[in-house]
1. Only one of (1) at pLDDT 95 or above; (2) more than 26 Å from LEU70 (Cα to Cα) fails for ASP427. Which number is that?
2. Would you say ALA330 is part of a strand (DSSP E or B) and of a type in the set (Gly, Ala, Ser)?
3. Kindly indicate whether any position in segment 318-325 is outside any strand (DSSP E or B), surrounded by fewer than 13 Cβ atoms within 10 Å (Cβ to Cβ) and within 16 Å of the ligand (Cβ to nearest atom).
4. Mind listing just one residue for me: the one in segment 146-163 that is closer than 19 Å to SER250 by Cα and near the ligand (Cβ under 10 Å from one of its atoms) and, of those, modelled with the lowest pLDDT?
5. Identify all residues within segment 354-371 that are closer than 18 Å to PRO28 by Cβ and out of contact with any helix residue (DSSP H, G or I) (no Cβ under 9 Å at 6 or more places or on another chain); write none if there are none.
6. With in contact with a strand residue (DSSP E or B) (Cβ under 7 Å, 6 or more places away or on another chain) and over 29 Å from LEU37 (Cβ atoms) as the only criterion, which of ALA382, ALA346, ALA378, ALA399 stands out?
7. Within segment 396-406, can one find any residue that is assigned to a strand (DSSP E or B), of a type in the set (Lys, Arg) and in contact (Cβ under 8 Å) with a residue 40 or more places away in the chain?
8. Determine the pairs where a residue that is within 12 Å of TYR385 (Cα to Cα), located within segment 302-327, has a partner that is modelled with pLDDT under 95 with Cβ atoms under 7 Å apart, the partner being 6 or more residues away or on another chain.
Amino acid sequence: MDHFKYRNDELWCEDVPAASIAASAGTPVYIYSAATLRHHYRAIARAFEPAGATVCFSIKSLSNVHILRLLAGEGSGFDVVSGGELARAQAIGADPAKIVFAGVGKTDEELTQALRSGIGLFNVESEQEFENISALAGRLGVKTSAALRVNPDVYDPRTHTYTATGKKETKFGVDIERAVRFFQTFGRDPNIRLAAIHIHIGSPIYSPGPYVAAITKTLELVDRLAGMGFKVDTLDIGGGFAADYEEGKSPLAFSYAEKILPLLAGRALKIVLEPGRQIACNAGLLLAKVLYVKQGGDRRFVIVDAAMTDLVRPAMYGSEHFIYPARLPAGQPPPPRHIKFCPPGAQKVDVVGGVCESSDFLGKDRMLPPVASGDLMAVFSAGAYGFTMSSQYNSRPRAAEVLVDGDKWRIIRRRETFQDLLAPELDV
Ligand code: LLP
């Protein structure tokens, strides 16, 4: 699952005690494990190797350039959704041929940036966008390639409605019926080679079933298009593989591959994958310090120095991250990573931040060992959509990020300062 383990009652990341990072980098701090990132990347790459798949890590899940460099070193390409994410990939010298660019609202500036840098695939989400890319490519005198993003109209009932994207009624892509017309209209464009289909059915998808349904429908479309003389040679199946917010709850990469690969056998299709969460989620935790413990009616609040500004998922989606003190009470075994785990002597608490919103909580109704001011609390499985969704609300500088590799660690993003907060306003 990951390389965050308790040893002698202390939480370690690989071969570094979490407390020693906090002592020198301060809190709140995101701590990432290089070994865990590599492990999950390799598991996916290996599972889909028989299809010769290109893995394009989804930058939106974890966008720190030092992490991107690590993954590029493993052979990863990148899925980007903005000029900013593309700039991150460019900053580490990522291979442009292995960059795919999705998003319903790509601006002319972003499209121009991507055309100039020669990215591998535009994942096109509408007719107007296709026309726009073609016009811009014509003006720049460049040729490019595109995938049409289709909605296969399947979904996983366990996916939060905010992150389910495969249904017809979403803003993403075009529905399958419209796809045929799309190819008829744009399939022979002089500037864009349209020979790929992209799907992304949501995030997270907790079982292979929805992929099987979506890919099956998409392959029917591919065959129909072939019959009309439009050859599709690339299928981008998007992201969405689940990750373990609780121990052992999500399928491993090979379980998805086991069901997906047979559908593709015998077809000369290049496969692209865009995983984010399954690589990044368990590779990171948010370490916070307890500031105060207080009682409010019959609720007990543990107030920590991290908040919804650092990790918004609980407030935004009701997501549950396992939370536990970084030092175990003497004699207690390491906890299983289950939200409902109740250690001996536990107290029921809400773990909350200091932001002026009632939705500012990191965990509710958690059974935790008693904690006191100054104790460190780890919020696990926070590597994906943690730091990348952080904000400066309440004028709180963003946390630092640290990367651990074996017994070495380094700061990969310094803690923001008040100067960082104010500069864009004082600079004008
Ligand atoms: N490809 C596309 C086109 C996507 O929209 C996404 C995620 C991915 C790939 C990566 O999905 P993953 O493998 O990470 O599941 N903020 C939410 C998740 C939003 C996902 C948006 N799109 C959360 O914290 O759960």
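The values are calculated or read from the model by the stated rules, or taken from the named source; none is laboratory data. Since the structure is predicted, the reported quantities are computational estimates derived from the model, not experimental observations. Virtual Cβ from ideal backbone geometry, glycine too; neighbours counted across all protein chains shown.
1. (1)
2. Values: part of a strand (DSSP E or B): no; of a type in the set (Gly, Ala, Ser): yes.
Here the answer is no, as ALA330 does not meet what is asked.
3. First, pick out the residues of segment 318-325 that are outside any strand (DSSP E or B): 318-322.
The next check asks that each one be surrounded by fewer than 13 Cβ atoms within 10 Å (Cβ to Cβ); those that pass are 318.
From what's left, within 16 Å of the ligand (Cβ to nearest atom): 318.
Yes - at least one qualifying residue is present in segment 318-325.
4. THR163
5. The answer is ARG366, LEU368, VAL371.
6. Numbers: ALA382 fails: over 29 Å from LEU37 (Cβ atoms); ALA378 fails: over 29 Å from LEU37 (Cβ atoms); ALA399 fails: over 29 Å from LEU37 (Cβ atoms).
Among ALA382, ALA346, ALA378, ALA399, only ALA346 is in contact with a strand residue (DSSP E or B) (Cβ under 7 Å, 6 or more places away or on another chain) and over 29 Å from LEU37 (Cβ atoms).
7. Our first condition is that a residue be assigned to a strand (DSSP E or B); within segment 396-406, this holds for 400-405.
Imposing the further condition that a residue be of a type in the set (Lys, Arg) reduces the set to none.
No, segment 396-406 has no match at all.
8. That search, which allows pairs on different chains as well, returns TYR317/HIS160; TYR317/TYR162.
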